[in-house]
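Since the structure comes first, as structure tokens, the remarks are kept for the end.
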Amino acid sequence: MDNMHIDRIVETIEKVIRGKQFEIYRILKGILCGGHILLEDVPGVGKTTLVKALARTFDLSFSRIQFTPDLLPSDITGISVYNQKSGAFEYKKGPIFANIVLADEINRTSPKTQSALLEVMEEAQVSEGNHTYALERPFFVLATQNPIEYEGTFPLPEAQLDRFTMKIKIGYADKRRESEILQIYKDHTPLNEITPVCHKKDLIAMQAAVRDIYVSKPITDYIVEIVDKTRNTDLITLGASTRGALALMRVAQAEAYINHKRYVSPENIRDNAEYVLAHRITLSPYARANNMSSEGVIAEIVRNTIIPREADYVQA
């Protein structure tokens, strides 16, 4: 599948979500590198609609899990049920067994239930008793969450946050785009008119092509330098993990692929560091007392990290 199809995907989703082209491209970068995406923002800005539009654009199996305070881990992964006829337990797969899983309002359920996603997001499998059940590839979770200051929300555990490749905020539409949305939705629902423009084999081929994007050692050293600085500053008490460094490299490869580049450049790292690393760090009391944000701290670290010379990372 060539990059022209990526533009078609974005154009299709924009029929439903107006004025969010940059956010759509960011989500596509996460999907192309095989990652999971966390969408955080206030209610009503189109997080769930965006994910639904994306699911319809791809010709993949899709399921939605509405996270609520009474949701149980087995409601996500499945459960073994005793069959009286056969005299044996049979495993009934849960809604997590799909190519695209919408975890809607993921932080409205308890940390115990949230933890049911840890294994499946990292290893694409579910362990139940003595058996392990693999999920079909491609597999990715697109989760929405409301800011933790909102009533009825639970903060996601650090281990859960670390499994999300990127955290993206949607934001309000500007006045012109919001007026367009009202005009479009006043007499029909564009979501129902979306047809697939990308099939499973196409997506798998694109993901393989992303992995083939060249990453030089100076670029990996650059990534490690940025990540290491998150572990050695008074502004952060919990720095980014090695998983975070790997995620930053993968997203940078995806951006290079989208931009028709054969290799990763420092710009690809700088463009995505905030979205890949900010949700993986914990600010120190000093940083919070001075109203610093995780995004701002990551941006400052990136600004103060020496960029490799072009001759050292360009593929011949």
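The values are calculated or read from the model by the stated rules, or taken from the named source; none is laboratory data. Computed from a prediction, not measured in an experiment: that's the story for all the values here. In this analysis, Cβ positions are derived from the backbone assuming ideal geometry, glycine residues included, and neighbour counts consider all displayed protein chains.
At-a-glance table
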{"quantity": "Test result for Ile76, of a type in the set (A, V, I, L, M), modelled with pLDDT under 90 and either touching a Pro at 6+ places or on another chain (Cβ under 8 Å) or within 19 Å of His36 (Cα to Cα) (or both)", "calculated": "no"}
{"quantity": "Failed criterion for Tyr286 (all others in (1) free of Cβ contacts under 8 Å to residues at least 40 places away in the same chain; (2) surrounded by fewer than 18 Cβ atoms within 10 Å (Cβ to Cβ); (3) not small (Gly, Ala, Ser) hold)", "calculated": "(1)"}
{"quantity": "Residue match in the stretch 250-260 (condition: over 30 Å from Ala208 (Cβ atoms) and either part of a loop (DSSP other than H, G, I, E, B) or in the same structural domain as Ala159 (by TED's automatic domain parsing) (or both))", "calculated": "no"}
{"quantity": "Residue that is hydroxyl-bearing (Ser, Thr, Tyr) and within 16 Å of the chain's Cα centre (by Cα), where the choices are Tyr257, Tyr263, Tyr275", "calculated": "Tyr275"}
{"quantity": "Residues of the stretch 99-120 satisfying the condition of being of a type in the set (A, V, I, L, M, F, W, C), under 17 Å from Phe62 (Cβ atoms) and touching a Lys or Arg at 6+ places or on another chain (Cβ under 9 Å)", "calculated": "Val101, Leu102, Ala103, Leu117"}
{"quantity": "Spans of helices (runs of 4 or more DSSP H) in the stretch 111-169 with at least 3 residues at pLDDT below 90, exposed (fewer than 12 other Cβ atoms within 10 Å of the Cβ) and out of contact with any strand residue (DSSP E or B) (no Cβ under 8 Å at 6 or more places or on another chain)", "calculated": "none"}
{"quantity": "Lone qualifier among Val276, Val302 - being of a type in the set (A, V, I, L, M, F, W, C) and either in contact with a Pro (Cβ under 8 Å, 6 or more places away or on another chain) or over 30 Å from His5 (Cα atoms) (or both)", "calculated": "Val302"}
{"quantity": "Residue ranges of helices (runs of 4 or more DSSP H) in the stretch 1-99 with at least 2 members among the aromatic types (Phe, Trp, Tyr) and closer than 30 Å to Glu180 by Cα", "calculated": "21-32"}
